[in-house]
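The values are calculated or read from the model by the stated rules, or taken from the named source; none is laboratory data. Keep in mind the model is a prediction, meaning the values are calculated, not measured. Quick reminder, even Gly has a Cβ in these numbers, built from the backbone with ideal geometry, and neighbours come from all protein chains shown. Keep in mind that these areas ignore ligands, DNA and RNA; they rest on the heavy atoms of the full protein, side chains included. Shrake-Rupley method; radii C 1.70, N 1.55, O 1.52, S 1.80 Å.
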Amino acid sequence: MTDTPRTPSQGTPPQWTPVALSRDLAPATAIPVIAEGTELALWRGRSGRLAAWHDRCPHRGMRLSQGFVRDDMLSCLYHGWRYDLEGQCRKIPAHPELEPNKAICVPAWSVTEATGIIWVSETGSGAPPDTGALAPLRSLTVERSEDALRDHLGDGVVIEFDGLHLLLQGLPQGRCVLHALTGPGLDAAGQRAASHRLEALRTRFEDSEDIA
Amino acid sequence: MKLYDWVLSPDCYKARLLAALTGQSLTTVATDVFPGKDHLTPAFRDMNPRATLPVLVAGDLVLTEVPAILIYLGGDWGGDNATERARQAEWLTFSQRLAGTLGLARRIDMMDAPGDLAQAQRDGTRLLRQLEARLFDRQTLGHAFLTGPAPTLADIACFPDVMLAPDGGVSLAPYAAIRAWSRAIRSLPGFIEMPGIPRLHELSPEPGA
């Protein structure tokens, strides 16, 4: 079950979930991510600042991750309701003269970025794990649960396997994202080779009878 | 040039998009395929016995296969040497597989087409993974597009069925490199949208600002 909290090796419950690599979230873009079973809209303002919110516009429930970013404001694709980085609604285009009510606000999670990885936390307490000098490569989704993969790979935060360093992000319905990091200083050919190893690893996991 | 066109068809959109990006004007003939079945009329079948959209008519030339239409409209985008043309041909064939999997899932889900939805979704997901891996490789070389530094027929042929995958119940959330590629295509001067494939609103001035 992906919903079961895991206990990393330090013996503390997981506070922070890795949800994306910095390289995959350009300024002024929004993407959908899932942390602890909750769907979030993760977005970056033009200035580079980040926000992670419930992926649901308070107006009509449209996914905010399908919205668009101008400066440091996210607009819903549906009717253009516009929110600042704190999640506060600042403009309703159909009523341009109206000052939106302060109660129109999107529930937010804590989000932080360190050494090329974006982490979110519902409570925001503590700091995410330090991945040091490891270089983010790419993220890929496996059709296997986090628990099944951990039974096979082990329980650390950063798991070394086949020359790759993996961060796991469990998803609902028996799926898991592998955020792959490598040692520092790989050239382009080395990165492609590492990416191909990661693909082969996924194939192995999904083909294995032992990882159900 | 006249394009027999259906607004909800990714194949028709490929032709319209390529024409728009290369600055060519098309006279479109709107054809109501679903639910109208305009493509099953004797007049249409006389022009295209397969009864499919799009059809491109340029003088005596009548083209009914999408890769052929893209090659005809593509001009310089089609590559100026055998290696580049062959690379693009690989992706034109790949795009036909996308249409037969992701596109099929969408037709089953949205338009009551016959077929095995779960199978089409699984097969389409395999292709999305291949595309994602390829686009990551391209990123390591500093390239946003499939076969060269600039967009080619390869990108235009693959783009629509990929972008419409969610209409067939296949999420694009797992694919970061595909997302970056989609933004690169939608940022091109002259880009046009179709229902389900929005333009990048942030690139246009804010209305009323």
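Would a scan of the stretch B:114-137 turn up a residue that is at positive phi and either open to solvent by less than 50 Å² (accessible area, probe 1.4 Å) or more than 14 Å from the chain's Cα centre (by Cα) (or both)? The answer is yes, given that some residue of the stretch B:114-137 is at positive phi and either open to solvent by less than 50 Å² (accessible area, probe 1.4 Å) or more than 14 Å from the chain's Cα centre (by Cα) (or both).
Residues in the stretch A:74-92 that are assigned to a strand (DSSP E or B) and within 11 Å of another protein chain (Cβ to nearest Cβ) were compared, and the one that is surrounded by the most Cβ atoms within 10 Å (Cβ to Cβ) is A:Leu74. Consider the stretch A:183-212 and keep the residues that are crowded, with 16+ Cβ neighbours inside 10 Å and more than 12 Å from chain B (Cβ to nearest Cβ). The one that is nearest to B:Ala177 (Cα to Cα) is A:Leu201. Listed by position, the helices (runs of 4 or more DSSP H) inside the stretch B:105-209 whose residues that are out of contact with any strand residue (DSSP E or B) (no Cβ under 9 Å at 6 or more places or on another chain), more than 14 Å from chain A (Cβ to nearest Cβ) and hydroxyl-bearing (Ser, Thr, Tyr) number at least 2 form an empty set. The criterion of being over 13 Å from the mean Cα position of the chain (by Cα) and on the phi < 0 side of the Ramachandran plot holds for A:Arg175.
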